[in-house]
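The values are calculated or read from the model by the stated rules, or taken from the named source; none is laboratory data. As the structure is a prediction and not an experimental result, all values here were calculated from the model. Cβ: placed from backbone, ideal geometry, glycine included. Neighbour counts: every protein chain shown.
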Amino acid sequence: MDGTEIRLAAADDAAAFAEVDLESLRATYVLRRAHSDDSVRARIRDVLVPSSETWLAVRPDGRMAGFMVLIDEFIDRRYLAPGAPSQGQGGRLVDLAKARRAGGLDLHMFQVSVRARRPCERHAIREVGRGDGSGNEEGQPDIRCALRSGPVV
């Protein structure tokens with residue numbers, strides 16, 4: 001264990017959360033972003049942090065290693081800070097989501113994000129469909145995944 005703390009986000013975490021989000025999108029080679037950096041920062045500050053279940057992975061030195069946003073039974077976003085060594089934070093966030101949503105989870109990820117798929121594969125979250133990008137704002141081909149105790153509908 002690397003000492004990374006998993007905790008709920010507070011209002012004063014929004015700026016660091018937004019920067020990891022933006023860096024992660026750039027690192028996944030998303031070519032067409034639907035929102036400007038400033039609108040992403042505003043949405044995180046004004047919408048996601050105050051009104052959703054936002055979990056952060058924070059290193060002992062205070063730097064953010066990653067985050068996950070849960071909205072109902074959906075992992076809305078889950079990114080790790082690019083360039084950081086993988087030390088299990090993504091898996092810990094997935095474990096937390098599974099524990100908090102025992103009835104099941106859904107998530108989408110961009111096909112280009114190989115790093116995002118690894119924890120899902122390890123945690124038996126299975127692919128249930130692929131999209132050509134027409135169903136998301138970025139126009140990026142995506143993968144729909146689900147974790148259910150029964151059959152996926």
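Tabulated data
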item	result
Qualifying residue in the range 80-89 (condition: in contact with a helix residue (DSSP H, G or I) (Cβ under 8 Å, 6 or more places away or on another chain), more than 14 Å from SER24 (Cα to Cα) and not polar (S, T, N, Q))	no
All helices (runs of 4 or more DSSP H) inside the range 1-112 with 3 or more residues being closer than 22 Å to GLY133 by Cβ	14-27, 37-43
Index of the failed condition, GLY104 passing every other in (1) buried (at least 16 other Cβ atoms within 10 Å of the Cβ); (2) on the phi > 0 side of the Ramachandran plot	(1)
Failed item, numbered, when ALA116 is tested on (1) surrounded by 15 or more Cβ atoms within 10 Å (Cβ to Cβ); (2) at pLDDT 90 or above	(2)
Conditions (1) hydrophobic (A, V, I, L, M, F, W, C); (2) at pLDDT 90 or above; (3) touching a helix residue (DSSP H, G or I) at 6+ places or on another chain (Cβ under 8 Å): number failed by ALA99	(3)
Where a residue in the range 40-60 is surrounded by fewer than 16 Cβ atoms within 10 Å (Cβ to Cβ) and its partner, wherever it lies, is of a type in the set (Gly, Ala, Ser) and not in a helix (DSSP H, G or I), with Cβ under 8 Å and at least six apart	PRO60/GLY3
Among the residues listed as MET109, MET68, the single one being closer than 24 Å to PRO141 by Cβ and touching a Gly at 6+ places or on another chain (Cβ under 9 Å)	MET68
Residue in the range 119-135 that is closer than 16 Å to LEU25 by Cβ, modelled with pLDDT under 80 and outside any strand (DSSP E or B) present	no
